[in-house]
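Every number in this text was worked out from the coordinates using simple rules, so none of it is lab data. Treat the numbers as computed from the prediction; the structure is a model and nothing was measured. Here the Cβ is made from the backbone with ideal geometry for all residues, glycine too, and neighbour counts use every protein chain on show.
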Amino acid sequence: MNQKVGNFPGVTVEKKTGSSQLVSGDAEIIDLPGSYSLYPRRLDEWVSYKVLLQQDLDIKADIVIAVADASNLKRNLLFCTQLIDLKTPVVVALTMLDIAHKKGISIDISELERELGVPVVAVNPRKKKGISQLKKAIDHTADGLYKVPVNDFIDIRSLASDAIEDVKREMPGLSDYTAVHYLMHHESFKLADAMQEKIENIEQNNKFNHSKTQAEEILLRYGRIRHIMHQAVTEPDPLQKSLFTDRLDNLLLHRRWGYLILLAVLFLLFQSVFLLASYPMDWIDKGFALFSGWLSSVLPPGNLSDLLTNGVIAGLGGGILPAHM
């Protein structure tokens with residue numbers, strides 16, 4: 001589809017569907033609204049959430065392509081790792097590497113891929129770079145060459161082991177992390193009344209606390225993400241940046257030199273206004289003079305001609321160029 005690609009988050013606010021030709025055959029590609037985590041708050045986030053939790057009646061995703069912003073990788077990895085723990089095959093598409101490089105951020109993609117346990121591909125959609133490699137990674141994932149990680153990214157069972165086990169007993173085949181989300185949002189899922197009641201009883205019997213579980217999960221994930229950032233990402237030293245700004249402050253805010261620098265800057269600004277402005281002012285002045293002369297030559301003599309040339313045109317010229325009055 002002819003979709004617009006934006007260099008900022010929040011471009012997609014509803015499901016957009018297109019098709020793509022892969023080696024393994026035709027693929028239906030569904031672009032979902034962006035999210036920062038699997039804890040939906042806005043309506044557009046609920047759209048993505050229900051698809052990812054296999055609760056959308058029309059869409060059953062075989063592979064999830066997680067688009068991650070390389071310039072803000074730490075925040076994006078939270079969502080990526082949650083998707084990985086759902087145990088749906090995931091391919092990470094790493095975008096905005098050009099912006100990351102401008103910020104002095106370097107990412108070891110091979111190391112990042114090893115830490116996450118899923119394929120990671122660098123892409124630049126605006127310049128159509130990395131698209132073929134992304135398609136290849138999707139093909140390999142579809143063919144089973146890339147396996148879903150056996151181990152969870154974090155210890156999910158430590159969050160609510162008994163409740164998770166009870167849910168999985170009622171609904172075999174769920175991953176531990178998917179079971180956590182059934183405990184949290186089963187009321188929004190399309191389940192039979194009997195199953196809704198069973199999960200509600202599991203919540204109550206195990207005293208499952210939504211907020212506490214979510215907070216503990218986020219802390220565990222960011223703890224592991226910090227390790228990954230240390231291993232795979234090189235960022236500019238904030239201490240070096242602060243040292244440079246400190247040196248700049250010491251010069252510009254010096255008790256003697258600071259005043260001299262301020263006066264020099266104000267003098268340059270004052271001079272530039274008059275020196276640089278004189279050129280366009282002269283051009284405009286000549287333009288009004290030529291226009292006034294031409295108007296006088298084409299209009300017949302009389303009061304109307306004098307009003308236009310000596311009144312309106314001269315007045316406009318004087319208003320635009322007050323320095324010449």
(Q) Given points 7 Å out from each Cα along the Cα-Cβ axis, report the ASN303 to SER71 separation in nanometres with one decimal. (A) 6.4 nm
Q: Quick one: check the C-alpha center-to-center distance for the range 227-290 versus the range 172-207, whole angstrom.
A: 59 Å
(Q) Among GLY34, GLY144, GLY311, which one shows the highest mean-square fluctuation when the chain is modelled as a Gaussian network with alpha-carbon springs under 10 Å? (A) GLY311
Q: Taking just the C-alpha trace of the chain, give me its Rg and Dmax in Å.
A: 31.7, 101
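If r is the Cβ-Cβ distance from ARG224 to SER161 and R0 is 22 Å, what FRET efficiency results, to the nearest 0.05? Don't skip to the end; give the middle numbers.
Values: r = 19 Å, r/R0 = 0.85.
Efficiency, from the Cβ-Cβ distance: 0.70.
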Q | Point-to-point label distance, ALA61-SER296, nm (Cα→Cβ direction, 7 Å offset) | A | 7.5 nm
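Which FRET efficiency value, to the nearest 0.05, do you get for SER132 and PHE270 by plugging their Cβ-Cβ distance into 1/(1 + (r/R0)^6) with R0 = 51 Å? It would help to have the intermediate numbers written out before the result.
On the way: r = 57 Å, r/R0 = 1.12.
Once the sixth-power term is evaluated, E becomes 0.35.
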Q: Quick one: which residues, 5 or more positions from VAL90 or on another chain, have an amide H under 5 Å from its amide H? H modelled 1.01 Å from N in the peptide plane, none for Pro or chain starts.
A: VAL64
Q. Taking neighbour Cβ counts within 10 Å as the exposure measure, how do VAL118, VAL148, VAL312 sort from fewest upward?
A. VAL312, VAL148, VAL118
Q. Scanning the chain for trypsin sites (Lys or Arg not before Pro) in DSSP loops with at most 14 other Cβ atoms within 10 Å, what's the longest stretch left with none?
A. 257-325
Q) Counting each DSSP H run of 4 or more residues in the chain as -39500 (n - 2.57), what helix-only mean residue ellipticity at 222 nm follows after dividing by all residues, to the nearest 500 deg cm²/dmol? A) -17500 deg cm²/dmol
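At a Förster radius of 41 Å, what calculated FRET efficiency corresponds to the Cβ-Cβ distance of HIS254 and GLU111, to the nearest 0.05?
Details: r = 45 Å, r/R0 = 1.10.
Computed FRET efficiency for HIS254 and GLU111: 0.35.
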Q) How many percent of DSSP beta bridges within the chain run antiparallel, rounded to 5? A) 55 percent
(Q) Among VAL67, GLN133, GLY311, which residue has its Cα furthest toward the positive end of the charge dipole of the chain, with +1 on Lys/Arg Cβ and -1 on Asp/Glu Cβ? (A) GLY311
Q: Convert each backbone phi in the range 30-41 into a coupling constant with the Karplus relation 6.51 cos²θ - 1.76 cosθ + 1.60 (shift: θ = phi - 60°), then list the ³J(HN,Hα) values in order as whole Hz, x for Gly and Pro.
A: 10, 8, 9, x, x, 9, 9, 6, 8, 10, x, 10
(Q) Using the Cα centre of the range 158-239 as the reference point, and only Cβ charges (+1 on K/R, -1 on D/E), how large is the resulting charge dipole? Debye, rounded to the nearest 20. (A) 180 debye
